[in-house]
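Notes for the one structure printed next.
The values are calculated or read from the model by the stated rules, or taken from the named source; none is laboratory data. Quantities reported herein were computed from a predicted structural model and do not represent experimental measurements. Note: ideal-geometry Cβ built from the backbone for every residue, glycine included; neighbour counts use all protein chains shown. Surface accessibility is based on the protein's heavy atoms, side chains included, excluding ligands, DNA and RNA. Shrake-Rupley method; radii C 1.70, N 1.55, O 1.52, S 1.80 Å.
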2 protein chains.
Amino acid sequence: MKLVCTQTNLSSHLSLVSRAVSSRPSHPILANVLFTANEQTQRVSLSAFDLSLGIQTSFAAQVSEGGTLTIPAKLLGDIVSRLPEGELALDDGDEDGPDENGSITVTLKYASGAYQMRGIGAAEFPELPTIEDGETANLSAEAMIEGLRSALFAASGDETKQVLTGVHLSAQDEGLEFAATDGHRLAVVTTAAHPDDAGAVEMPKLSVTVPAKALQEVIKMLDRGSSSTVAVKFDPGQIVFEWADQRLTSRLLEAQYPNYRQLIPRQFAHQVTIDRKALLSGLERISVIADQRNNIVKMTLSPESQTADLSVDAQDVGSGQETIPAQITGEGMEVAFNVKYLIEGLKVINTTEIQIQLNTPTSPAIVSPLGSLKMTYLVMPVQVRS
Amino acid sequence: MKLVCTQTNLSSHLSLVSRAVSSRPSHPILANVLFTANEQTQRVSLSAFDLSLGIQTSFAAQVSEGGTLTIPAKLLGDIVSRLPEGELALDDGDEDGPDENGSITVTLKYASGAYQMRGIGAAEFPELPTIEDGETANLSAEAMIEGLRSALFAASGDETKQVLTGVHLSAQDEGLEFAATDGHRLAVVTTAAHPDDAGAVEMPKLSVTVPAKALQEVIKMLDRGSSSTVAVKFDPGQIVFEWADQRLTSRLLEAQYPNYRQLIPRQFAHQVTIDRKALLSGLERISVIADQRNNIVKMTLSPESQTADLSVDAQDVGSGQETIPAQITGEGMEVAFNVKYLIEGLKVINTTEIQIQLNTPTSPAIVSPLGSLKMTYLVMPVQVRS
């Protein structure tokens with residue numbers, strides 16, 4: 001393999017695939033990135049795969065000798081990111097292929113220096129999963145980012161909770177639905193299918209749970225803004241996101257996802273419309289004191305004064321009160337929440353106003369944006385002794 | 001105590017003194033900030049003191065009732081920093097003073113909320129050291145920042161090394177000298193005395209070692225740019241830095257500082273003039289590989305080609321070579337360094353070119369900026385088996 005490319009290209013694409021490199025590889029080759037240089041297309045593709053998450057990307061290069069090899073991803077990335085802009089040459093200088101240990105000396109050259117690294121032959125590198133007979137859905141990158149971002153935060157970070165560490169994707173009549181819950185709160189978002197696509201009806205079987213970690217990478221990669229449309233393919237074990245010159249594959253979480261739709265109440269006795277930023281910043285101040293105890297904030301709805309009052313009382317530390325103007329329908333009530341759950345939900349919503357709908361201090365409350373995005377955020381109140 | 005001030009003022013001054021608040025206070029009051037409100041001057045002063053480092057600052061406020069009290073610094077700072085801009089009122093609401101436990105309820109009010117915190121009476125708060133009969137030197141803030149920044153990085157971070165964890169300040173004929181060493185390298189900087197000052201001759205006795213932690217705070221505070229001149233006062237146990245409305249006090253490190261001047265060679269057999277950024281970025285790339293072993297970089301000076309070649313060879317990882325144009329006088333030589341020491345020194349220098357002076361591969365090398373700042377950075381080479 002012999003190629004010449006720009007430092008900018010190699011550095012940015014290495015950083016892109018680096019997320020799928022094992023930090024604690026079960027086999028040395030999983031700490032490496034796979035180079036595939038194609039003399040005919042004059043392109044180089046980079047792949048990394050930790051056996052769960054796989055990322056592949058490609059870019060243009062002057063390939064004078066095609067071939068494949070793998071190089072330690074972190075070492076190469078750390079050097080390339082510190083090189084000045086300009087041309088770099090990569091060369092395995094070894095026409096006989098790997099030595100008896102599978103080891104190859106790769107040379108990276110730039111205008112005033114050279115680095116030699118020990119690569120490993122590509123033969124041992126596991127192939128990234130491909131989906132032959134699966135179904136495909138197309139979504140705009142914008143809708144995908146919005147859907148993922150609005151659901152991901154509610155997934156569980158606790159690895160023992162298995163299927164709850166993922167986001168559930170399912171086809172609905174209106175488009176693609178994203179749902180995540182950690183058992184205490186639930187976020188459900190529906191985004192419209194891509195206009196070019198016949199839509200969700202074309203893929204009635206889509207109902208999969210994808211690890212949150214993989215979806216966070218999808219957001220990061222799409223945020224780089226290289227594409228407007230994302231194709232989603234899946235089969236019973238894998239999901240593949242594809243756009244422009246990039247591809248991300250992830251295993252699926254296999255257990256049954258909870259039937260979350262039945263948890264969402266359809267009728268409410270109380271309804272509050274409130275400025276999102278005013279509520280969020282009030283909660284953030286209250287959380288300073290709530291933090292010191294049990295994270296509980298009390299919310300008092302007063303239809304007479306049309307205000308929502310927040311209060312916290314942490315003995316030995318202090319107490320606090322915030323008054324926020326709100327449009328309240330229904331009778332007055334008092335309800336308590338985990339302040340963190342409210343803050344996290346309000347942070348991912350981007351509308352000016354939100355709506356809170358409630359029945360009793362012990363039944364689910366629903367937070368939703370007032371605007372175009374179809375998002376439902378369910379939070380269980382906390383029971384407090386008065 | 002009753003006062004009204006702006007959120008901006010209170011928040012920025014709280015953040016300023018917060019550096020001197022104990023993170024693990026030996027007494028509860030050391031986690032607090034002392035408020036002193038003066039009805040006559042219509043100013044509030046804030047003080048924090050961890051018994052080693054003390055910081056005091058003051059700002060204008062509407063003081064309707066003077067007085068003193070202390071409030072938990074982190075709790076208050078966390079709430080105030082999250083408040084919107086505008087007026088705040090602080091009120092201890094208690095005309096009888098602290099209760100039998102020394103506890104006071106302090107109320108912080110803003111337009112749409114209120115917070116109550118438990119303060120402690122000011123009586124127990126330790127007084128910040130003052131210096132009555134000490135000597136005073138004046139230095140421009142710029143010279144102080146430059147002197148401190150150019151020496152601080154070379155101080156030891158190892159608390160068991162006692163006096164080496166500080167920076168030594170001493171009066172010289174030309175101005176104030178800053179020196180720091182961790183036993184492996186030594187930075188010495190001389191900055192000119194302030195033009196308004198009769199200069200260093202006026203304070204011949206200045207020879208003190210100040211904890212690096214306190215000096216880092218001096219830099220941060222001066223970087224806010226509120227003053228052009230700094231007054232330095234000292235007595236055998238304490239040093240005080242004073243400017244505008246701020247004051248920082250620190251205990252001194254008492255042991256004898258090493259006689260570092262005798263370590264600096266006066267004559268050299270080899271001299272290299274080299275572009276600082278080119279050398280620094282070459283070293284940073286080399287360090288990626290050197291890191292994996294023992295941090296050693298080899299430097300080969302070639303008068304014939306007028307280049308300094310850097311090289312590293314870490315078995316099982318890789319190797320690297322960098323060639324940097326340089327003006328070299330003296331014969332060719334090979335010398336090895338800890339790459340971290342060179343990088344750290346080159347980072348604090350801000351001239352385009354630097355000079356390296358050497359005698360043998362086992363005697364001290366001197367790195368100095370080519371320009372106005374009088375800085376000497378001594379680095380001991382590393383002995384390597386060839």
I need the full set of residues from region A:300-319 which are of a type outside the set (A, V, I, L, M, F, W, C) and more than 10 Å from every other protein chain (Cβ to nearest Cβ), in order please. A:Thr300, A:Ser302, A:Pro303, A:Glu304, A:Ser305, A:Gln306
Can you list the strands (runs of 3 or more DSSP E) found entirely within region B:94-144 that contain at least 2 residues being under 25 Å from B:Gly225 (Cα atoms) and either open to solvent by 60 Å² or more (accessible area, probe 1.4 Å) or of a type outside the set (Phe, Trp, Tyr) (or both)? B:135-140
Collect the residues in region A:233-257 that are assigned to a loop (DSSP other than H, G, I, E, B), modelled with pLDDT under 95, in contact with a strand residue (DSSP E or B) (Cβ under 8 Å, 6 or more places away or on another chain) and not acidic (Asp, Glu), keeping them in residue-number order. A:Gly237, A:Ala255
Would you confirm, using the coordinates I've provided, whether B:Gln355 is of a type in the set (S, T, N, Q) and within 12 Å of chain A (Cβ to nearest Cβ)? no
Within region A:320-346, restricting attention to residues that are open to solvent by 20 Å² or more (accessible area, probe 1.4 Å) and within 14 Å of chain B (Cβ to nearest Cβ), which residue is nearest to A:Arg385 (Cα to Cα)? A:Gln321
Can you tell me which residue among A:Ser22, A:Ser11 is under 28 Å from the mean Cα position of the chain (by Cα), within 14 Å of chain B (Cβ to nearest Cβ) and among the small types (Gly, Ala, Ser)? A:Ser11
What are the pairs with Cβ atoms under 9 angstrom where one residue, in region A:204-233, is at positive phi and the other, located anywhere, is assigned to a helix (DSSP H, G or I)? Sequence gap at least six, or different chains. A:Gly225/A:Ala141
If I ask for residues that are surrounded by 15 or more Cβ atoms within 10 Å (Cβ to Cβ) and of a type in the set (Lys, Arg), which ones from region B:257-282 would you list? B:Arg276
B:Met117 is checked against (1) touching a helix residue (DSSP H, G or I) at 6+ places or on another chain (Cβ under 9 Å); (2) more than 10 Å from every other protein chain (Cβ to nearest Cβ); (3) closer than 30 Å to A:Gly282 by Cβ and fails just one. What number does that condition carry? (2)
Of the numbered conditions (1) touching a residue at least 60 places away in the same chain (Cβ under 8 Å); (2) of a type in the set (A, V, I, L, M); (3) closer than 26 Å to A:Gly113 by Cα, A:Leu46 satisfies every one except a single condition; which is it? (1)
Residue tally, condition free of Cβ contacts under 8 Å to residues at least 12 places away in the same chain and of a type in the set (Val, Ile, Thr), over region A:82-128: 0
Evaluate region B:288-310: report whether one residue or more is without any contact (Cβ under 8 Å) to a residue 24 or more places away in the chain, in contact with a strand residue (DSSP E or B) (Cβ under 7 Å, 6 or more places away or on another chain) and surrounded by fewer than 17 Cβ atoms within 10 Å (Cβ to Cβ). yes
Going residue by residue through region B:363-381, is there one that turns out to be surrounded by fewer than 20 Cβ atoms within 10 Å (Cβ to Cβ), of a type in the set (S, T, N, Q) and over 32 Å from the mean Cα position of the chain (by Cα)? no
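Can you tell me which residue is least open to solvent (accessible area, probe 1.4 Å) among those in region B:207-232 that are assigned to a strand (DSSP E or B) and farther than 21 Å from B:Ala155 by Cα?
Going through the qualifying residues, I end up with B:Val230.
Quick check, is B:Ile366 within 26 Å of B:Val189 (Cβ to Cβ) and more than 14 Å from chain A (Cβ to nearest Cβ)? Step through it out loud before you land on a result.
Values: within 26 Å of B:Val189 (Cβ to Cβ): yes; more than 14 Å from chain A (Cβ to nearest Cβ): yes.
Here the answer is yes, as B:Ile366 does meet what is asked.
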If A:Asn138 passes every condition in (1) within 14 Å of another protein chain (Cβ to nearest Cβ); (2) touching a residue at least 60 places away in the same chain (Cβ under 8 Å) but one, which one does it miss? (1)
